Amino acid sequence: MEVAVTTLEQGDAGTIELSPAIFGQTVRADVLHQVVRWQLAKRRQGTHKAKTRGEIKATTRKMYKQKGTGRARHGAATAPQFRGGGKPFGPVPRDHAHSLPKKVRALGLKIALSSKLADGKLVVLDQAALPEPKTKQLAARLGQLGWSSVLLIDGPERDQNLERAARNLVGLQLLPPAGANVYDILRRDVLVLTKDAVRALEERLA
């Protein structure tokens, strides 16, 4: 499949042939859902912790005598029903990650790329480079192109001027081809690939 190649100055830079095996997949929401859940589960720290009754530092003396007060029977003040008491069945540190087959992960990335192409939200750049690291100039170019939420994937060798100019831009995210993932592709409105990035992704997913 042939796609037009453009420049940051909105100039024509010819066309590029995209692999149908990578950019022509049928969009499957179930696979995308599985991969996104797997990614977000891996990001969770799992360091949440609540003290149990045995971990509360307090006296274990019986609060008052068992009988004759007309009140309910209670032991130590560390019981869960009292203020400052331990939490029953509270969260404990754990790993939230779960396994997902490599073939499903690769298929999810192919489907994410294909969905952007099918929606007309995939742009191929000749190269992503700036003459000087000026955030104001890059923001102006993005405004002219109408890109407010962009994921830009460049080749292995990225332009240092572009990286420095993009540091303070909220709607622009830069990634290398090795860092391309389903979650970031889907959460951004426009996906921009350079020609080097297209070749690197096709080698990665071949």
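So, in the range 102-149, exactly how many residues are more than 17 Å from A29 (Cα to Cα) and either modelled with pLDDT of 95 or more or not polar (S, T, N, Q) (or both)? Lay out the reasoning, then the answer.
Of the residues in the range 102-149, the ones more than 17 Å from A29 (Cα to Cα) are 102, 120-149.
With either modelled with pLDDT of 95 or more or not polar (S, T, N, Q) (or both) added as a condition, the list becomes 102, 120-126, 128-134, 136, 138-143, 145-147.
Total meeting the criteria: 25.
Identify all residues within the range 102-117 that are surrounded by 15 or more Cβ atoms within 10 Å (Cβ to Cβ) and out of contact with any helix residue (DSSP H, G or I) (no Cβ under 7 Å at 6 or more places or on another chain); write none if there are none.
Listed by number, the list holds a single entry, S115.
Look at A106 and say whether it is of a type outside the set (F, W, Y) and either in contact with a Pro (Cβ under 6 Å, 6 or more places away or on another chain) or in the same structural domain as R187 (by TED's automatic domain parsing) (or both). Quick ask: steps written out before the conclusion?
Working: of a type outside the set (F, W, Y): yes; either in contact with a Pro (Cβ under 6 Å, 6 or more places away or on another chain) or in the same structural domain as R187 (by TED's automatic domain parsing) (or both): yes.
Yes: the conditions hold for A106.
Just to check your reading of the model, which residue among A41, A29, A13 is in the same structural domain as A129 (by TED's automatic domain parsing) and under 24 Å from D154 (Cα atoms)? So that I can check it myself, show each step before the final result.
Details: A41 fails: under 24 Å from D154 (Cα atoms); A29 fails: under 24 Å from D154 (Cα atoms).
One residue alone meets the criteria, A13.
Which number in (1) surrounded by 11 or more Cβ atoms within 10 Å (Cβ to Cβ); (2) in a loop (DSSP other than H, G, I, E, B); (3) in contact (Cβ under 8 Å) with a residue 24 or more places away in the chain marks the one condition that E9 misses?
Answer for E9: the failing condition is (1).
S148: assigned by TED's automatic domain parsing to the domain that holds R28, polar (S, T, N, Q) and assigned to a loop (DSSP other than H, G, I, E, B), yes or no?
Values: assigned by TED's automatic domain parsing to the domain that holds R28: yes; polar (S, T, N, Q): yes; assigned to a loop (DSSP other than H, G, I, E, B): yes.
The answer is yes for S148.
Could you please tell me which pairs satisfy a Cβ distance under 6 Å, a separation of 6+ or placement on different chains, a first residue in the range 165-184 that is over 16 Å from A128 (Cα atoms) and in the same structural domain as V31 (by TED's automatic domain parsing), and a second residue that is surrounded by 15 or more Cβ atoms within 10 Å (Cβ to Cβ) and small (G, A, S)?
V182/G108; V182/A112
Of all residues in the range 184-200, count the ones that are assigned to a strand (DSSP E or B) and among the hydrophobic types (A, V, I, L, M, F, W, C).
Let us first name the residues in the range 184-200 that are assigned to a strand (DSSP E or B), namely 190-194.
Then keep just the ones that are among the hydrophobic types (A, V, I, L, M, F, W, C); that gives 190-193.
Result for the range 184-200: 4.
Take V3 and tell me if it is in contact (Cβ under 8 Å) with a residue 40 or more places away in the chain and either closer than 30 Å to G146 by Cβ or polar (S, T, N, Q) (or both). Spell out how you get there, then give the answer.
Numbers: in contact (Cβ under 8 Å) with a residue 40 or more places away in the chain: yes; either closer than 30 Å to G146 by Cβ or polar (S, T, N, Q) (or both): yes.
In short, yes.
For the structure I just gave you, tell me whether V35 is within 30 Å of Q10 (Cβ to Cβ), surrounded by 10 or more Cβ atoms within 10 Å (Cβ to Cβ) and aliphatic (A, V, I, L, M).
Numbers: within 30 Å of Q10 (Cβ to Cβ): no; surrounded by 10 or more Cβ atoms within 10 Å (Cβ to Cβ): yes; aliphatic (A, V, I, L, M): yes.
Answer is no for this residue.
Looking only at residues that are among the β-branched types (V, I, T) and closer than 19 Å to K103 by Cα in the range 160-206, which one is surrounded by the fewest Cβ atoms within 10 Å (Cβ to Cβ)?
Applying the first criterion (among the β-branched types (V, I, T)) to the range 160-206 yields 170, 182, 185, 190, 192, 194, 198.
Cutting the leftovers down to closer than 19 Å to K103 by Cα gives us 182, 185.
Numbers: V182: 24, I185: 22.
Ranking the candidates gives I185 first.
Would you mind finding the one in K87, K57, K62, K51 that is of a type in the set (D, E, K, R), loosely packed, with under 10 Cβ neighbours inside 10 Å and either without any contact (Cβ under 8 Å) to a residue 12 or more places away in the chain or farther than 30 Å from N181 by Cβ (or both)? Steps first, answer last, please.
Working: K87 fails: loosely packed, with under 10 Cβ neighbours inside 10 Å; K62 fails: loosely packed, with under 10 Cβ neighbours inside 10 Å; K51 fails: loosely packed, with under 10 Cβ neighbours inside 10 Å.
Exactly one of K87, K57, K62, K51 is of a type in the set (D, E, K, R), loosely packed, with under 10 Cβ neighbours inside 10 Å and either without any contact (Cβ under 8 Å) to a residue 12 or more places away in the chain or farther than 30 Å from N181 by Cβ (or both), namely K57.
The values are calculated or read from the model by the stated rules, or taken from the named source; none is laboratory data. The structure displayed is predicted, hence computed values, not measured ones. Backbone-built Cβ (ideal geometry, glycine too); neighbour counts: all protein chains shown.
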